[in-house]
């Protein structure tokens, strides 16, 4: 083998080794870029989850619906009258067979319509991957337990207003799926 052939073979080997190193570096950089994109996606999901939760619990109607079942009587009052919303008034307003249409029933229904809408949206956003279930689990898990104390009424109402996603969202939580608590609950004193 001549010197010229040895040089050519050496150049081919160097080119092959250089190509392999370049390909390896490209694969490594692609993996780093993919990891970075996954971290950014996860961060964006978490941020979106927080924004959705803030939007839900900052909205007056949604907060009122939750407070009607969670707070001490008198915390939520009917607009214009100052009269306390009671759990009995909520049951009466949300019972599909009663068809309550007075101003008080409409106020309660409006609040629970907003709540159903937002829970339905959360389930949709989880299903599409916009948010992760972990991003919206708090304080949703707590409120799933509050709503579970009235599960037949809440489930019937959300089904009646055609928000099945709201039920699916609540079913993500053990507090909703578990046995209904029958004991008296200490009400929270404030938000």
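The values are calculated or read from the model by the stated rules, or taken from the named source; none is laboratory data. Note that the structure is predicted; figures quoted are calculated from it, not measured. Every residue, glycine among them, receives a Cβ derived from its backbone with ideal geometry; neighbour counts consider all protein chains shown.
Taking the stretch 64-107 only, how many residues are part of a helix (DSSP H, G or I) and closer than 17 Å to residue 159 by Cβ? Steps first, please.
As a first pass, look at the stretch 64-107 and keep what is part of a helix (DSSP H, G or I): 64-70, 87-94, 103-107.
If we keep only those that are closer than 17 Å to residue 159 by Cβ as well, we get 65, 90-91, 93-94.
Result for the stretch 64-107: 5.
Is it true that residue 102 is out of contact with any strand residue (DSSP E or B) (no Cβ under 8 Å at 6 or more places or on another chain), free of Cβ contacts under 8 Å to residues at least 60 places away in the same chain and surrounded by fewer than 17 Cβ atoms within 10 Å (Cβ to Cβ)? Criteria met by residue 102.
I'm checking my understanding of the structure. Among residues of the stretch 1-26 that are assigned to a helix (DSSP H, G or I) and loosely packed, with under 10 Cβ neighbours inside 10 Å, which one is nearest to the chain's Cα centre (by Cα)? Of everything passing the filter in the stretch 1-26, 5 is nearest to the chain's Cα centre (by Cα). If we scan the stretch 81-93, do we find a residue that is closer than 22 Å to residue 164 by Cβ, within 26 Å of the chain's Cα centre (by Cα), touching a residue at least 40 places away in the same chain (Cβ under 8 Å) and surrounded by fewer than 21 Cβ atoms within 10 Å (Cβ to Cβ)? For the stretch 81-93, residues closer than 22 Å to residue 164 by Cβ, within 26 Å of the chain's Cα centre (by Cα), touching a residue at least 40 places away in the same chain (Cβ under 8 Å) and surrounded by fewer than 21 Cβ atoms within 10 Å (Cβ to Cβ): present.
Of the residues 42, 37, which single one is assigned to a helix (DSSP H, G or I), under 27 Å from residue 123 (Cα atoms) and modelled with pLDDT under 90?
On the way: 37 fails: modelled with pLDDT under 90.
Answer to the selection: 42.
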